[in-house]
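What follows is one structure encoded as structure tokens, with my remarks underneath.
Any read-out appearing in this document is the output of simple, stated calculations on the displayed coordinates, not a laboratory observation. Bear in mind that the values here come from a model prediction, so they are computed numbers and not experimental data. For neighbour counting, all protein chains shown are included, and Cβ atoms are generated from backbone atoms with ideal geometry for every residue, glycine included.
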Amino acid sequence: MMKKFFWMCSGADTDILEQCSKAEQIKQAGIGGTVFFTAVMATIAASYALYTVFDSIWTSIFFGLVWGLLIFNLDRFIVSTIKKKDDFKSELLQALPRIVLAIIIAVVIAKPLELKIFQKEIDQVLLEEKNQMTLDNKEQLALQYTPQMEELSTEINGLKNEISQKENEVNSLYNTYIAEAEGREGTLKIGKGPVYKEKREKHDTALAELDELRDKNNNKIAVKEAEIASLQEGYLKKVENTQPTIDGFDGLMARVNALDKLPWLPSFFIFLLFLAIETAPIISKLLAPKGEYDIKLEDAESTVKNWVEQKEYQRKQQLATDAMINDKVYEDLAADDELYQYKRKTAREVLQLQADAFYKQQKQNL
């Protein structure tokens, strides 16, 4: 049962194989097994690759099976259409397009499995890229908010400086009227005289202005700080909303690009492995000597070909013979006087009928 299944996989004619030796049957079964297991590897590779895209195991398995069946049918077609001949160069030329196709299939099959084999290394590369993308994203978003926040901070510092300058002015006036009262400056008289009162009034006026300025500027500072807090909240919210996109940056194309950043030698050897698997049926068929199955298959095909050629030749001869007979028949009829008189009579009647019809038509027109 398994042997016949592998025969089917090789694309061989089972009726002919039944009449061949055991060695020939084993050879064809080996080719079919290679085709089958190549399709299995293609199914596994495609399922994993599609799982990284759809994140659904059943969808991935379904399309992976479709891809595996496609590869199976294609490999089976490639192997079954290579005919053994006595000229190796002719066989190689016949197989060359199929080898190129096998290389393309090997690349397609190997790439998803490389992604699976080097998954941890790829995850590390993607993590570094995500971290860098997160930093770049924060810097780009900060460019939208930083200028406004810096402008507001500058305005707040200006308002605070106004309060500080006014406080320095009030402190200076305070020190002036205290020094006047102690006799250290001004009139140099101890006590609270008219000059002291004048300086004290200036200080009190400046202090009232300071209180008013402090209230006004503090209100403005509170408003601007609220605006800064709102901008910071908007910035953090924007970062939070864009972060899932960065976290989800692990699709098929991202993983392929990450794989390209890893050392190329391990990937190259994996590619060579799948290339060997994919081209094994073709290479084995090219290198194998012409066997009993190939001879019997060629005999069966040549029998059908000769039979078709014979039928085509017979049809051509039949057509030529029939044409020659018809020509001779008409030559003999051309010399028959009775046939000549009959056709002369019928032609005369036709001409008379035409003349009568023409006469009637002309008469109606007049």
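Scoring 62-69, 245-252 by mean Cβ neighbours within 10 Å over their residues and listing the highest first yields 62-69, 245-252. Between helix 119-182 and the chain there is an angle of about 20 degrees, using the helix long axis and the longest principal axis of the Cα atoms. Springs between Cα atoms under 10 Å define the GNM used for the chain, and in it the highest mean-square fluctuation of Lys311, Lys216, Lys345 occurs at Lys345.
Beyond a 21 Å Cα-Cα separation, which of these cross-linked pairs lie in this structure: Lys3/Lys116; Lys83/Lys290; Lys3/Lys285? With Cα atoms farther than 21 Å apart: Lys3/Lys116. Going by neighbour counts of Cβ atoms within 10 Å, the residues Arg344, Arg255 line up, fewest first, as Arg344, Arg255. Against the main long axis of the alpha-carbon atoms of the chain, helix 264-287 sits at an angle near 10°.
Its residues counted as N, the chain yields a C-alpha radius of gyration over 2.2 N^0.38 Å of 2.46.
Return one number: the angle in degrees, 0 to 90 and rounded to the nearest 10, between the long axis of the Cα atoms of helix 88-117 and the longest principal axis of the Cα atoms of the chain. Long axis of 88-117 versus the principal axis of the chain: about 30 degrees. Largest GNM mean-square fluctuation across Ala39, Ala335, Ala276, computed for the chain with C-alpha springs under 10 Å, falls on Ala335.
Under the Kirkwood approximation applied to all pairs of distinct alpha-carbon atoms, what is the hydrodynamic radius of region 1-95 in Å? When all Cα pairs of region 1-95 are included, the Kirkwood radius is 14.8 Å.
The alpha carbons of region 308-365 stretch over 67, 30, 8 Å along the principal axes, in descending order.
Listed by Cβ neighbour count within 10 Å, with the fewest neighbours leading, Lys360, Lys3, Lys224 appear as Lys360, Lys3, Lys224. Which lysines, on any chain, are close to Lys111 with Cα under 26 Å apart, when same-chain ones fewer than 8 places away are left out? Reachable lysines: Lys120, Lys130, Lys261. Taking the fewest neighbouring Cβ atoms within 10 Å as the starting point, the ordered list for Ile104, Ile163 is Ile104, Ile163. Our coupling estimate for region 344-360, obtained by passing each phi through the Karplus curve with A = 6.51, B = -1.76, C = 1.60 and θ = phi - 60°, is 5, 5, 5, 5, 5, 4, 5, 5, 5, 4, 5, 5, 4, 5, 5, 4, 4 Hz, Gly and Pro reported as x. Given a cut-off of 32 Å, name the pairs among Lys22/Lys305; Lys166/Lys197; Lys166/Lys238; Lys160/Lys199; Lys27/Lys311 whose C-alpha atoms lie farther apart than that in the structure shown. Among Lys22/Lys305; Lys166/Lys197; Lys166/Lys238; Lys160/Lys199; Lys27/Lys311, the Cα-Cα distance tops 32 Å for Lys166/Lys238; Lys27/Lys311.
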